[in-house]
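*Asks:* Sending over a structure as structure tokens; questions will come in a sec.
The values are calculated or read from the model by the stated rules, or taken from the named source; none is laboratory data. Remember, predicted model here, so these are calculated numbers, not experimental data. No Cβ is skipped: glycine too gets one built from the backbone with ideal geometry, and neighbour counts run over all protein chains shown.
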Amino acid sequence: LTQSTRIEVAQRGRRALISPAQFPRSVGELEMALRSGWDFATQLGIPIGDQLHFYELLRRLLCACDARRFGEFENESWWRFSGAQQRSPGYRRYLADGLTRTLVAARAREMSARTGGYILLQLLQDMVRPGAQVDRVLNAPTNQAWIDPWLSHLRSLGVDYRLGHRVETIHSRGDEVTGVSGHTVSWPSQALGSQFADRAKYYVAAVPVEVMQKQIKIALKRRVPELGKLDKLVYRWMNGIVFYLTEDVPLVHGHTIIIDSPWALTAISQRQFWPQVDFSRFAGGKVQGILSVDISDWEANGSYAAKGKPAKACSKHEIAAEVWAQLKASLNDDEEVLRDDMRFDWFLDPDIVQPNPSTHTNLEPLLVNTKGSWRYRPEAAMPEVPNLFLAADYVRTYTDLATMEGANEAGRRAVNAILKATGSDAELCRLWKLREPGGPFTLARLADQLVYRVT
């Protein structure tokens, strides 16, 4: 991983806001931080009263005890908690809807105020903590930097990693899992191949929540409340598209949030983070830049090539054209950053499959932390099923968000559960709670704990 140093917020008709993605490490970065703070206060159309209201929300979050966080904030949407309905359009755009759509493809009206608020606080704390790293990215294409080396490492340890195997049934007898079965599949078409069946002593379900909900037959759901509750969890789409450019367009040294884009786009120019990648091997040297874009809202209507349709209802070519047009609308303000003639090719996430011309299916959507959803999320270990463990973004974690950090923590929790179940004396995996400011905030949380108990 390599550290990015800037965050850009771009929008149509306004100068982009660029701020350090870390505590200022130079006089120049300090000046940039001060300038971006001033621009945020004066250029976004958020009245001073609304800004003060938002700071008060952050203070409430910092001073609240855990009991209030889970008993009150968890069961309230970010929209209601933030008072967005009574605030200005600028407040709703940037501090209500904008924050949640960018974080994890969630709507402010449905995302838990506890999750949205405390993830925001964590990011802000990291930005003002000297030496902290807020936004790190891979230093090469994903397969090259991570997936292929990790797969090789697992196989070197003796792991039998079977690609293209879809588990369709988890078999059980009583309160124990006795085996799994399914079919081999081709990718990305998902065409079925031969059947398979396997047995083991312990099982780890490391698959997304929608797979546990709909795609695997689990008789234990009728006996185990924790498994049955999974059907109440919500997921949304957050998938990407890559544009291959004939010129390198660095944008900023980090992520660019297209805050007013209908499809909630976030972009990053990759070449500046891939110093060891030989671009001459891409299309015979014709590709000189790569722009990766996350699409976080697949249900909002598009404004250009989509002709008023949501991304889910567009063809792949319409999606590519609409995303490119939304990028140009917000980035080409004072100067022409993106031109049509520099777009060499594009590649849409292959998890977006098209069963018919007007509808898409997403093979890998993300969990959304909707209000009240914590009660439906299981621990990695379930006492009712001693040989089945869970490791996915829906497992209860400190990270509490559908991110790679959350997946990593869920995996650690599953490993710890297996070590305990087998009576192993191996050292448990470390787990880290989110940072909390101390001093007066610790005293405030203790006081709030007493108040919450008696109210």
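*Asks:* Search segment 225-248 for residues being surrounded by fewer than 20 Cβ atoms within 10 Å (Cβ to Cβ) and out of contact with any helix residue (DSSP H, G or I) (no Cβ under 6 Å at 6 or more places or on another chain), and hand back the single one that is farthest from ILE18 (Cα to Cα).
*Replies:* Within segment 225-248, the match that is farthest from ILE18 (Cα to Cα) is PRO225.
*Asks:* With the structure loaded, tell me whether PRO383 is more than 29 Å from TRP237 (Cβ to Cβ), surrounded by fewer than 18 Cβ atoms within 10 Å (Cβ to Cβ) and free of Cβ contacts under 8 Å to residues at least 24 places away in the same chain or whether it fails that test.
*Replies:* Spelling it out, PRO383 is indeed more than 29 Å from TRP237 (Cβ to Cβ), surrounded by fewer than 18 Cβ atoms within 10 Å (Cβ to Cβ) and free of Cβ contacts under 8 Å to residues at least 24 places away in the same chain.
*Asks:* Search segment 304-345 for residues being surrounded by fewer than 16 Cβ atoms within 10 Å (Cβ to Cβ) and among the polar types (S, T, N, Q), and hand back the single one that is farthest from the chain's Cα centre (by Cα).
*Replies:* Restricting to residues being surrounded by fewer than 16 Cβ atoms within 10 Å (Cβ to Cβ) and among the polar types (S, T, N, Q), the top hit is ASN332.
*Asks:* Report the residue count in segment 369-400 for those that are among the acidic types (Asp, Glu) and over 19 Å from the mean Cα position of the chain (by Cα).
*Replies:* Within segment 369-400, residues that are among the acidic types (Asp, Glu) and over 19 Å from the mean Cα position of the chain (by Cα) number 2.
*Asks:* May I pose another question? Limited to segment 115-169, what total is found for residues that are among the acidic types (Asp, Glu) and modelled with pLDDT of 90 or more?
*Replies:* 3
*Asks:* If you don't mind, there's one more thing I want to ask. Pull up segment 78-124, narrow it to residues that are under 18 Å from the mean Cα position of the chain (by Cα) and among the hydroxyl-bearing types (Ser, Thr, Tyr), then point me to the one that is surrounded by the most Cβ atoms within 10 Å (Cβ to Cβ).
*Replies:* THR100
*Asks:* Can you tell me which residue is farthest from ASP333 (Cα to Cα) among those in segment 4-50 that are polar (S, T, N, Q) and in contact (Cβ under 8 Å) with a residue 12 or more places away in the chain?
*Replies:* The selected residue is GLN22.
*Asks:* Looking at GLY45, GLY13, which one is farther than 16 Å from ILE257 by Cα and not assigned by TED's automatic domain parsing to the domain that holds ALA325?
*Replies:* Answer to the selection: GLY45.
*Asks:* Further question: Here is a check on your reading of the model: is THR115 within 27 Å of ARG375 (Cα to Cα) and either in a loop (DSSP other than H, G, I, E, B) or of a type in the set (S, T, N, Q) (or both)?
*Replies:* Taking the combined requirement at face value, the residue satisfies it.
*Asks:* So if I check each of LEU291, LEU327, LEU338, which one is assigned to a strand (DSSP E or B), out of contact with any Cys (no Cβ under 8 Å at 6 or more places or on another chain), among the hydrophobic types (A, V, I, L, M, F, W, C) and over 30 Å from VAL211 (Cβ atoms)?
*Replies:* LEU291
*Asks:* Next up: In segment 1-28, which residues are in a helix (DSSP H, G or I) and touching a Lys or Arg at 6+ places or on another chain (Cβ under 9 Å)?
*Replies:* Result: no residue meets the conditions.
*Asks:* Of the residues ILE259, ILE241, only one is at pLDDT 95 or above and either under 18 Å from LEU367 (Cβ atoms) or not aromatic (Phe, Trp, Tyr) (or both); which?
*Replies:* Answer to the check: ILE241.
*Asks:* Suppose we filter segment 420-453 for residues that are outside any helix (DSSP H, G or I), touching a residue at least 12 places away in the same chain (Cβ under 8 Å) and farther than 26 Å from GLN125 by Cα; how many remain?
*Replies:* 2
*Asks:* Working carefully through the options THR370, THR403, THR359, find the one that is of a type in the set (Ser, Thr, Tyr), more than 24 Å from MET111 (Cα to Cα) and at pLDDT below 95.
*Replies:* THR359
*Asks:* Taking the condition of being in a helix (DSSP H, G or I) and in contact with an Asp or Glu (Cβ under 6 Å, 6 or more places away or on another chain), how many residues in segment 80-100 meet it?
*Replies:* 1
*Asks:* Sort out which residues of segment 114-153 are touching an Asp or Glu at 6+ places or on another chain (Cβ under 6 Å) and of a type outside the set (D, E, K, R), and write them in order of number.
*Replies:* THR115, ALA132, VAL134
*Asks:* Further question on the same structure: Restricting attention to segment 29-49, which residues are surrounded by fewer than 17 Cβ atoms within 10 Å (Cβ to Cβ) and outside any helix (DSSP H, G or I)?
*Replies:* Matches in segment 29-49: GLY45, PRO47.
*Asks:* Might you check whether a residue that is in contact (Cβ under 8 Å) with a residue 60 or more places away in the chain and hydrophobic (A, V, I, L, M, F, W, C) occurs anywhere in segment 93-104?
*Replies:* Looking through segment 93-104, at least one residue is in contact (Cβ under 8 Å) with a residue 60 or more places away in the chain and hydrophobic (A, V, I, L, M, F, W, C).
*Asks:* Is it true that PHE196 is assigned to a strand (DSSP E or B), aromatic (Phe, Trp, Tyr) and not assigned by TED's automatic domain parsing to the domain that holds LYS371?
*Replies:* Judged against the criteria, PHE196 is not a match.
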